[in-house]
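Participant: Right, I'll just put the structure down here and ask away after.
The values are calculated or read from the model by the stated rules, or taken from the named source; none is laboratory data. All figures in this text were calculated on a predicted structure; none of them were measured in a lab. Counting neighbours? That spans all protein chains shown, and the Cβs are built from the backbone with ideal geometry, glycine included.
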Amino acid sequence: MKDLVLLVVDDDPLVIQSVKLALPDQWRMMATQNPADLPERGYHAALVDMHLSGDLAKTEGIDVIRRLAQRNAHLEIIAMSGNLDRQLMEQCLKAGASRFLAKPLSLEELTLTLDKIESLFLLQGATSRTQGARWIGSSPASQAIQRQSHKCTMKPAQF
(Lines give C-alpha, C1' and ligand atoms only; values in the text may rest on other atoms or scores of the structure.)
Protein backbone atom coordinates (compact mmCIF):
# COMPACT_ATOMS: atom_id res chain seq x y z
CA MET A 1 0.00 0.00 0.00
CA LYS A 2 1.18 3.52 -0.72
CA ASP A 3 2.17 5.80 2.13
CA LEU A 4 -0.60 6.81 4.49
CA VAL A 5 -0.60 10.25 6.06
CA LEU A 6 -1.52 11.04 9.67
CA LEU A 7 -2.49 14.60 10.60
CA VAL A 8 -1.50 15.38 14.20
CA VAL A 9 -3.18 18.34 15.92
CA ASP A 10 -1.57 19.02 19.31
CA ASP A 11 -0.20 22.11 21.05
CA ASP A 12 2.67 20.13 22.60
CA PRO A 13 5.73 19.81 20.31
CA LEU A 14 7.00 16.86 22.39
CA VAL A 15 3.85 14.88 21.60
CA ILE A 16 4.22 15.70 17.92
CA GLN A 17 7.86 14.57 17.95
CA SER A 18 7.00 11.37 19.86
CA VAL A 19 4.29 10.47 17.37
CA LYS A 20 6.65 11.11 14.48
CA LEU A 21 9.26 8.77 15.96
CA ALA A 22 6.67 6.04 16.62
CA LEU A 23 5.05 6.00 13.18
CA PRO A 24 5.17 2.69 11.32
CA ASP A 25 7.17 2.80 8.06
CA GLN A 26 4.09 3.05 5.82
CA TRP A 27 2.90 6.24 7.57
CA ARG A 28 4.02 9.83 7.12
CA MET A 29 2.97 12.75 9.31
CA MET A 30 1.60 16.25 8.90
CA ALA A 31 1.32 18.30 12.09
CA THR A 32 -0.09 21.57 13.34
CA GLN A 33 -0.16 23.16 16.76
CA ASN A 34 -2.77 25.69 15.68
CA PRO A 35 -6.30 24.38 14.99
CA ALA A 36 -6.89 27.35 12.68
CA ASP A 37 -4.19 25.97 10.33
CA LEU A 38 -5.86 22.64 9.47
CA PRO A 39 -4.90 21.47 6.00
CA GLU A 40 -7.89 20.88 3.73
CA ARG A 41 -6.76 17.45 2.49
CA GLY A 42 -3.82 15.15 1.99
CA TYR A 43 -4.20 12.89 5.03
CA HIS A 44 -5.90 9.56 5.74
CA ALA A 45 -6.32 9.82 9.51
CA ALA A 46 -6.11 12.49 12.19
CA LEU A 47 -4.91 12.40 15.79
CA VAL A 48 -6.47 15.30 17.71
CA ASP A 49 -5.69 16.47 21.24
CA MET A 50 -8.66 17.76 23.22
CA HIS A 51 -6.90 20.60 25.06
CA LEU A 52 -5.16 22.72 22.44
CA SER A 53 -4.74 25.94 24.42
CA GLY A 54 -3.20 24.40 27.52
CA ASP A 55 -6.39 25.20 29.46
CA LEU A 56 -7.72 21.87 30.73
CA ALA A 57 -11.18 23.39 31.18
CA LYS A 58 -11.49 23.94 27.41
CA THR A 59 -11.92 21.15 24.89
CA GLU A 60 -11.10 22.86 21.60
CA GLY A 61 -10.31 19.47 20.08
CA ILE A 62 -14.00 18.60 19.84
CA ASP A 63 -14.52 21.53 17.44
CA VAL A 64 -11.51 20.35 15.42
CA ILE A 65 -13.01 16.85 15.21
CA ARG A 66 -16.34 18.30 14.01
CA ARG A 67 -14.60 20.34 11.30
CA LEU A 68 -12.54 17.39 10.12
CA ALA A 69 -15.59 15.08 10.06
CA GLN A 70 -17.60 17.66 8.09
CA ARG A 71 -14.83 17.90 5.51
CA ASN A 72 -14.50 14.13 5.13
CA ALA A 73 -17.10 11.77 6.57
CA HIS A 74 -14.76 8.80 5.97
CA LEU A 75 -11.72 10.21 7.77
CA GLU A 76 -10.47 8.08 10.65
CA ILE A 77 -10.25 10.50 13.58
CA ILE A 78 -8.51 9.55 16.81
CA ALA A 79 -9.19 11.76 19.83
CA MET A 80 -6.62 11.89 22.63
CA SER A 81 -6.59 13.38 26.10
CA GLY A 82 -5.24 12.86 29.57
CA ASN A 83 -8.77 13.53 30.79
CA LEU A 84 -10.47 10.14 30.70
CA ASP A 85 -13.89 11.47 31.62
CA ARG A 86 -16.63 9.33 30.05
CA GLN A 87 -18.63 12.41 29.03
CA LEU A 88 -15.63 13.82 27.13
CA MET A 89 -15.12 10.50 25.35
CA GLU A 90 -18.79 10.43 24.34
CA GLN A 91 -18.58 14.01 23.04
CA CYS A 92 -15.58 13.05 20.91
CA LEU A 93 -17.39 10.07 19.40
CA LYS A 94 -20.52 12.14 18.73
CA ALA A 95 -18.40 14.83 17.05
CA GLY A 96 -16.93 12.27 14.62
CA ALA A 97 -14.00 10.50 16.26
CA SER A 98 -13.85 6.75 15.76
CA ARG A 99 -11.32 6.09 18.51
CA PHE A 100 -10.04 7.60 21.76
CA LEU A 101 -6.50 7.21 23.14
CA ALA A 102 -5.35 8.14 26.64
CA LYS A 103 -2.45 10.49 27.23
CA PRO A 104 0.34 10.00 27.86
CA LEU A 105 0.25 8.04 24.65
CA SER A 106 1.36 4.47 24.65
CA LEU A 107 3.46 4.22 21.51
CA GLU A 108 2.51 0.55 21.19
CA GLU A 109 -1.20 1.43 21.37
CA LEU A 110 -0.72 4.17 18.77
CA THR A 111 1.07 1.74 16.44
CA LEU A 112 -1.68 -0.88 16.87
CA THR A 113 -4.34 1.76 16.17
CA LEU A 114 -2.59 2.87 12.98
CA ASP A 115 -2.19 -0.77 11.90
CA LYS A 116 -5.96 -1.26 12.34
CA ILE A 117 -6.67 1.85 10.28
CA GLU A 118 -4.32 0.61 7.55
CA SER A 119 -6.10 -2.77 7.55
CA LEU A 120 -9.43 -0.98 7.22
CA PHE A 121 -8.15 0.93 4.17
CA LEU A 122 -6.86 -2.28 2.62
CA LEU A 123 -10.18 -4.04 3.26
CA GLN A 124 -12.17 -1.15 1.79
CA GLY A 125 -9.97 -1.16 -1.30
CA ALA A 126 -10.38 -4.92 -1.78
CA THR A 127 -14.13 -4.67 -1.29
CA SER A 128 -14.52 -1.88 -3.82
CA ARG A 129 -12.47 -3.80 -6.42
CA THR A 130 -14.39 -7.06 -6.01
CA GLN A 131 -17.92 -5.69 -6.00
CA GLY A 132 -17.84 -5.04 -9.74
CA ALA A 133 -21.48 -4.00 -10.04
CA ARG A 134 -22.17 -0.62 -11.56
CA TRP A 135 -24.83 1.68 -10.18
CA ILE A 136 -27.61 2.30 -12.63
CA GLY A 137 -29.77 5.37 -12.28
CA SER A 138 -29.15 9.08 -12.08
CA SER A 139 -32.30 10.51 -10.52
CA PRO A 140 -31.89 12.56 -7.34
CA ALA A 141 -33.50 9.74 -5.32
CA SER A 142 -31.15 7.18 -6.87
CA GLN A 143 -28.12 9.35 -6.11
CA ALA A 144 -29.26 9.81 -2.50
CA ILE A 145 -29.53 6.03 -2.06
CA GLN A 146 -26.11 5.55 -3.61
CA ARG A 147 -24.54 8.14 -1.24
CA GLN A 148 -26.20 6.52 1.79
CA SER A 149 -25.06 3.06 0.71
CA HIS A 150 -21.50 4.33 0.22
CA LYS A 151 -21.48 5.85 3.73
CA CYS A 152 -22.61 2.56 5.26
CA THR A 153 -19.89 0.53 3.56
CA MET A 154 -17.03 2.99 4.07
CA LYS A 155 -17.28 3.79 7.79
CA PRO A 156 -18.30 0.97 10.11
CA ALA A 157 -19.80 1.87 13.44
CA GLN A 158 -17.39 1.90 16.38
CA PHE A 159 -18.59 0.70 19.77
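Participant: Could you tell me which residue of segment 89-104 is surrounded by the most Cβ atoms within 10 Å (Cβ to Cβ), considering only residues that are closer than 18 Å to Asp12 by Cβ and among the aliphatic types (A, V, I, L, M)?
Facilitator: Result: Leu101.
Participant: Related question: Within segment 110-124, how many residues are surrounded by 13 or more Cβ atoms within 10 Å (Cβ to Cβ) and either acidic (Asp, Glu) or more than 23 Å from Ala22 (Cα to Cα) (or both)?
Facilitator: 3
Participant: Considering only segment 25-47, how many residues are of a type outside the set (Lys, Arg), closer than 18 Å to Asn72 by Cβ and assigned to a loop (DSSP other than H, G, I, E, B)?
Facilitator: Here the count works out to 6.
Participant: Please specify each residue of segment 1-24 satisfying the condition of being outside any helix (DSSP H, G or I) and out of contact with any Phe, Trp or Tyr (no Cβ under 8 Å at 6 or more places or on another chain). First the steps, then the outcome.
Facilitator: Of the residues in segment 1-24, the ones outside any helix (DSSP H, G or I) are 1-12, 23-24.
Of everything in segment 1-24, those that are outside any helix (DSSP H, G or I) and out of contact with any Phe, Trp or Tyr (no Cβ under 8 Å at 6 or more places or on another chain) turn out to be Lys2, Val8, Val9, Asp10, Asp11, Asp12, Leu23, Pro24.
Participant: A further question on this structure: For Ala102, state whether it is touching a helix residue (DSSP H, G or I) at 6+ places or on another chain (Cβ under 7 Å) and touching a residue at least 12 places away in the same chain (Cβ under 8 Å). Give the steps one after another, and end with the answer.
Facilitator: Numbers: touching a helix residue (DSSP H, G or I) at 6+ places or on another chain (Cβ under 7 Å): no; touching a residue at least 12 places away in the same chain (Cβ under 8 Å): yes.
It is false that Ala102 is touching a helix residue (DSSP H, G or I) at 6+ places or on another chain (Cβ under 7 Å) and touching a residue at least 12 places away in the same chain (Cβ under 8 Å).
Participant: Taking Ser119, is it out of contact with any strand residue (DSSP E or B) (no Cβ under 8 Å at 6 or more places or on another chain) and either within 16 Å of Val8 (Cα to Cα) or among the aromatic types (Phe, Trp, Tyr) (or both)? Break it down stepwise before answering.
Facilitator: Details: out of contact with any strand residue (DSSP E or B) (no Cβ under 8 Å at 6 or more places or on another chain): yes; either within 16 Å of Val8 (Cα to Cα) or among the aromatic types (Phe, Trp, Tyr) (or both): no.
Considered against the rule, which asks whether it is out of contact with any strand residue (DSSP E or B) (no Cβ under 8 Å at 6 or more places or on another chain) and either within 16 Å of Val8 (Cα to Cα) or among the aromatic types (Phe, Trp, Tyr) (or both), Ser119 comes out as no.
Participant: How do the helices (runs of 4 or more DSSP H) wholly within segment 49-159 filter down when requiring 2 or more residues that are modelled with pLDDT of 80 or more: which remain? Walk me through it before giving the result.
Facilitator: On the way: elements: 60-71, 86-95, 107-131, 140-154.
It comes to 60-71, 86-95, 107-131.
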